[in-house]
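The values are calculated or read from the model by the stated rules, or taken from the named source; none is laboratory data. Predicted model only: the values in this text are computed from it and were never measured. Positions of Cβ are backbone-derived with ideal geometry, glycine not excepted, and every protein chain shown enters the neighbour counts.
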Amino acid sequence: MMKRMLMVFVGMLILAAASPASACADNLVASSERFEIHSSHKSWTPELVRDAATWFLRLEALLPADVNVLFEHGFLTIKRAPGASQGQALPLADEGREVGSLTEALDVLAEVFEVPKNQIARVQQLEAKPLTIQLAASQRREDIERLVDKLNAYKALEQINLHGFFNAGGYDCIDVSPMDCNSFAHIVSGVDAKGMPVHRLMVGGFLTRASAQKALARLQAHGFKGFVRTL
């Protein structure tokens, strides 16, 4: 199942890299302290967020401590981390390299930094467990839809980063439903402990518990109640 999900995320980035429009459309920005992805994809799903978190974990495990990586519309660029000594010139620092997927990006980074094969094998087994904030749940989807619409339209929250590390939906908001236009609140459907359908209001996707707790505190300051959980 995880392999199939990762292939979905990889396929998404292949399509983004191949799209002529992607060169000027940062519809998806996913970022951590050391890795950043820009693509033209416009969807937010829990599967994509989990996949992105796993790729971040794997790719960052290959990087020396003093470098950051940008994967922007099919081009991989390596940069010095802020505050790191300059040292000798980095490969791919100026022109970057065109790569078709994060799978290929992993292969390139492994080659550039001469990562041993046994370490690559260990890295490829890593799986991340991103976090989110749950604010509500109901067996009636229409109830959660109304709450999501109200939350995303709440002006007082516009200046607060509640997206976490994964922001998708279309910065131009063209051909995107209002619920998906740069939204931080989402509906995640599943089943409860009794096997009954349940629809949950989730806010953001976070790589660390500290960042999720910080976002929750900001929501609580505006009167919202919720809790941090695995996405």
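Of everything in the stretch 46-80 that's of a type outside the set (A, V, I, L, M, F, W, C) and assigned to a helix (DSSP H, G or I), which residue is nearest to R122 (Cα to Cα)?
The residue in question is R58.
Could you list, ordered by first residue, the pairs with Cβ atoms under 9 Å in which the first is in the stretch 43-62 and in contact (Cβ under 8 Å) with a residue 40 or more places away in the chain and more than 22 Å from D107 (Cα to Cα) and the second is assigned to a helix (DSSP H, G or I) and of a type in the set (A, V, I, L, M), at least 6 apart or interchain?
Going by the 9 Å Cβ cut-off, the qualifying pairs are S43/M12; E47/M5; E47/V8.
The rows are residues; the columns are (1) modelled with pLDDT of 50 or more; (2) assigned by TED's automatic domain parsing to the domain that holds F184; (3) more than 15 Å from F71 (Cβ to Cβ); (4) of a type outside the set (A, V, I, L, M, F, W, C).
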{"position": "F9", "(1), (2), (3), (4)": "no, no, no, no"}
{"position": "S22", "(1), (2), (3), (4)": "no, no, no, yes"}
{"position": "D26", "(1), (2), (3), (4)": "yes, no, no, yes"}
{"position": "S32", "(1), (2), (3), (4)": "yes, no, no, yes"}
{"position": "F35", "(1), (2), (3), (4)": "yes, no, no, no"}
{"position": "S39", "(1), (2), (3), (4)": "yes, no, no, yes"}
{"position": "R50", "(1), (2), (3), (4)": "yes, no, yes, yes"}
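Would you please name the residue that is nearest to N161 (Cα to Cα), looking only at residues in the stretch 205-223 that are in contact (Cβ under 8 Å) with a residue 12 or more places away in the chain and either of a type in the set (K, R) or not in a helix (DSSP H, G or I) (or both)?
So, considering only residues that are in contact (Cβ under 8 Å) with a residue 12 or more places away in the chain and either of a type in the set (K, R) or not in a helix (DSSP H, G or I) (or both), the one nearest to N161 (Cα to Cα) is R218.
Conditions (1) modelled with pLDDT of 95 or more; (2) of a type in the set (S, T, N, Q); (3) within 16 Å of Q134 (Cβ to Cβ), marked per residue:
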site: Y171; (1), (2), (3): no, no, no
site: P178; (1), (2), (3): no, no, no
site: V191; (1), (2), (3): no, no, yes
site: K194; (1), (2), (3): no, no, no
site: V198; (1), (2), (3): yes, no, yes
site: F206; (1), (2), (3): yes, no, yes
site: A210; (1), (2), (3): yes, no, no
site: L216; (1), (2), (3): yes, no, yes
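If you scan the stretch 130-152, which residues turn out to be at pLDDT below 95, over 17 Å from Q220 (Cβ atoms) and under 22 Å from the mean Cα position of the chain (by Cα)?
V148, D149, N152
Among the candidates D107, D143, which residue alone is under 22 Å from R200 (Cα atoms), in a helix (DSSP H, G or I) and out of contact with any helix residue (DSSP H, G or I) (no Cβ under 7 Å at 6 or more places or on another chain)?
So the residue among D107, D143 that is under 22 Å from R200 (Cα atoms), in a helix (DSSP H, G or I) and out of contact with any helix residue (DSSP H, G or I) (no Cβ under 7 Å at 6 or more places or on another chain) is D143.
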